[in-house]
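Visitor: This is the structure I have questions about; it appears just below.
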Amino acid sequence: MKRILAVIVFSTVILTAAHSDGRQASTQSIHPAKISKSDMGGAIFSRPDTLKESRNGNTTLDVTSLLSSDEKFASGMYKSGKSHWEIDEPYGVDEFMYFIEGGVTLTSADGSVTVINAGEAVTIPKEWTGIWDTEGYTKIWVIYSEDGSGL
């Protein structure tokens, strides 16, 4: 688990640096965005900035832990109940996901199936289309969007 978290943190730092627009920070201090073990256990969802949405009997919780200064890169945690989504338009963002609980079955437009369970990760390219099925999950997410849309 420590190795996976180290990879996630390292990837976040590298991706942030790679996608920086070169602007220098103002006088405000810049700090790493940490997701603690307690946060991963669910405490993060009690933060006041948690976005809560209920649709079709499914409640989702979403917390952004980092939004880059150019608003093209973000990370955080997300929790969802059972859902089924048909994604007919391209996904729209490049997203890395590490599943803490639950999992998801992704059926690509060509019919190939990818199953991701707790303790596993997946990266979805912005061009992906297909079907997203889950009985529920909690994940850490990292998103990059060149134009900043979808974050």
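Visitor: When region 89-132 is examined, which residues are found to be acidic (D, E), crowded, with 17+ Cβ neighbours inside 10 Å and either over 17 Å from M77 (Cβ atoms) or without any contact (Cβ under 8 Å) to a residue 40 or more places away in the chain (or both)?
Guide: Result: D94, single match.
Visitor: Out of region 11-42, which residues are under 24 Å from A118 (Cα atoms), in contact with a helix residue (DSSP H, G or I) (Cβ under 9 Å, 6 or more places away or on another chain) and either at pLDDT below 50 or not charged (D, E, K, R) (or both)?
Guide: Result: A33, I35, S36, S38, M40.
Visitor: A further question follows. Return the residues of region 133-150 that are outside any loop (DSSP other than H, G, I, E, B) and surrounded by fewer than 14 Cβ atoms within 10 Å (Cβ to Cβ); say none if nothing qualifies.
Guide: Once the filter is applied, which keeps residues that are outside any loop (DSSP other than H, G, I, E, B) and surrounded by fewer than 14 Cβ atoms within 10 Å (Cβ to Cβ), region 133-150 yields only E135.
Visitor: Please go through region 126-146 and pick out each residue that is of a type in the set (D, E, K, R) and over 29 Å from G41 (Cβ atoms).
Guide: K126, E127, E146, listed by residue number.
Visitor: In the set D70, D39, D62, D49, which member is outside any loop (DSSP other than H, G, I, E, B), closer than 27 Å to E146 by Cα and either under 14 Å from the mean Cα position of the chain (by Cα) or not aliphatic (A, V, I, L, M) (or both)?
Guide: D62
The values are calculated or read from the model by the stated rules, or taken from the named source; none is laboratory data. Nothing here was measured: the structure is a model prediction, and the numbers come from that model. Here the Cβ is made from the backbone with ideal geometry for all residues, glycine too, and neighbour counts use every protein chain on show.
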